[in-house]
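Heads up: the structure comes next, in structure tokens.
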Amino acid sequence: MYKQLAAEALTSSGFAQFGEVLENRGETRRRDFSLQFACANNPRLWVNRIDACSPDGVLVGEMERHPNSAQTFVPMRAGRCLVVVAMSDERGNLDGASVRAFITDGAQGVTYRPNVWHYSFTSIDGPNEVVVIMGHSGQQTDTVLRTVSEPVRVSWPGSKDDD
């Protein structure tokens, strides 16, 4: 059995408790972001190649968090992406009641705050390459993986699960 969740449009205000939306929609030429480097130790940058997900929606059964660093994802191709996040409970475990899903507009990236649980950054509209930036402390806790106690089926406008 799983819980159903409809993804919502990614906005800075809606995503604020989980991190920053990387975009510059204002009139200024430059918008600075500081979350990624606030506690970055030994920053690393790499590019992930990701396939498009199924048009049926996504079943989230595992999530990860990074206690020692923020983590940033910047898509290199236009196209919507799915961002699924959750907060930690008072013991640091995944709080299943806080799971939320967002859809980028095709021109947005995200930075997750340290300790924010998240599912794999997922491409919707086709294959993509994604720049990833994250600090590494060299500790085993740099990445913590957990199975979701109640898997979440995420749909979005136009996915088959949305029908």
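The values are calculated or read from the model by the stated rules, or taken from the named source; none is laboratory data. Note that the coordinates shown come from a computational prediction; the quantities given were computed from them, not determined experimentally. We place every Cβ from the backbone using ideal geometry, glycine too, and count neighbours over all the protein chains shown. Quick note on the areas: whole protein, heavy atoms, side chains included, nothing else; ligands and nucleic acids left out. Shrake-Rupley method; radii C 1.70, N 1.55, O 1.52, S 1.80 Å.
Calculated FRET efficiency, Asp105 and Leu145, Cβ-Cβ r, R0 41 Å, to nearest 0.05?
The formula returns an efficiency of 0.90 here.
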> Could you give me the ³J(HN,Hα) list for the range 69-84, computed from phi with Karplus coefficients 6.51, -1.76, 1.60 and θ = phi - 60°, whole Hz, x at Gly and Pro?
Replying inline: 6, 6, 9, 10, 10, 10, x, 9, 10, 5, x, 5, 10, 9, 10, 10
> In Å², what does the accessible area per residue of the chain work out to with a 1.4 Å probe?
Replying inline: 53 Å²
> Which whole-number percentage describes the relative contact order of the range 1-124, with Cα contacts under 8 Å and a sequence gap of 6 or more?
Replying inline: 38 percent
> Only one of the listed values, (i) 14.5, 41; (ii) 15.3, 48; (iii) 16.3, 48, was derived from the coordinates as Rg and Dmax of the Cα atoms in Å; which label is it?
Replying inline: (ii)
> For the residue pair Ser137 and Asp125, what label-to-label distance in nm results when each label sits 7 Å from Cα along the Cα-to-beta-carbon direction?
Replying inline: 3.8 nm
>> Rounded to the nearest percent, how much of the accessible area of the chain (1.4 Å probe, protein heavy atoms only) is carbon and sulfur?
In response: 49 percent
